[in-house]
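The block underneath contains the structure these notes are about, expressed in structure tokens.
The values are calculated or read from the model by the stated rules, or taken from the named source; none is laboratory data. Given the structure is predicted, the values throughout are model-derived calculations rather than measurements. Counting neighbours? That spans all protein chains shown, and the Cβs are built from the backbone with ideal geometry, glycine included.
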């Protein structure tokens, strides 16, 4: 279904194809696509606006829009299954743009959290880190970095975009101040 991710990992993560009718009920968009349910570190559903939160990867993007989430919901970090328990050499945790990239990396042994864009780690109006990073992963970062927030966090896009250094600096400040 997705290159670089096994069918088993996608099943464990709950990723599945949904019809336009299912998608409309889940997120208000009557378009078929891949449903990516968001979970906390314990595997429970993330709730937002009284619904289980997830994003829809549209089968047929609208112009440049590939993903849709329910109107009125906020951003959340995507935690692949068992990422909070995963370890890697040096205890690194990767924050990367994209749910599928985080699934692929985690399955390959590189713990990664997916965000929906360069600033997908934070709430609007400098409201702090998204709850998944604050509640579930900050402890992991501290545990694996001997109590220290990394001095040079890196947000990876897989490409080169000018605001990358601004996002990296912002997540670092938020981690230190949370």
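Filtering the range 47-65 to residues that are closer than 16 Å to residue 98 by Cα and within 15 Å of the chain's Cα centre (by Cα) leaves 53, 54, 55, 56, 57. Return a yes/no flag: does the range 49-63 have any residue that is farther than 15 Å from residue 131 by Cα, surrounded by fewer than 22 Cβ atoms within 10 Å (Cβ to Cβ) and in contact (Cβ under 8 Å) with a residue 60 or more places away in the chain. Among the residues of the range 49-63, not one is farther than 15 Å from residue 131 by Cα, surrounded by fewer than 22 Cβ atoms within 10 Å (Cβ to Cβ) and in contact (Cβ under 8 Å) with a residue 60 or more places away in the chain, which makes the answer no. I'm trying to understand the selection: among the residues of the range 66-97, which are in contact with a strand residue (DSSP E or B) (Cβ under 7 Å, 6 or more places away or on another chain) and without any contact (Cβ under 8 Å) to a residue 40 or more places away in the chain? Matches in the range 66-97: 66, 73.
Per the listing 32, 13, the residue uniquely in contact (Cβ under 8 Å) with a residue 24 or more places away in the chain, crowded, with 20+ Cβ neighbours inside 10 Å and either more than 16 Å from residue 70 (Cβ to Cβ) or assigned by TED's automatic domain parsing to the domain that holds residue 100 (or both) is 13.
Residue 5 - would you say it is within 27 Å of residue 122 (Cβ to Cβ) and touching a residue at least 60 places away in the same chain (Cβ under 8 Å)? Considered against the rule, which asks whether it is within 27 Å of residue 122 (Cβ to Cβ) and touching a residue at least 60 places away in the same chain (Cβ under 8 Å), residue 5 comes out as yes.
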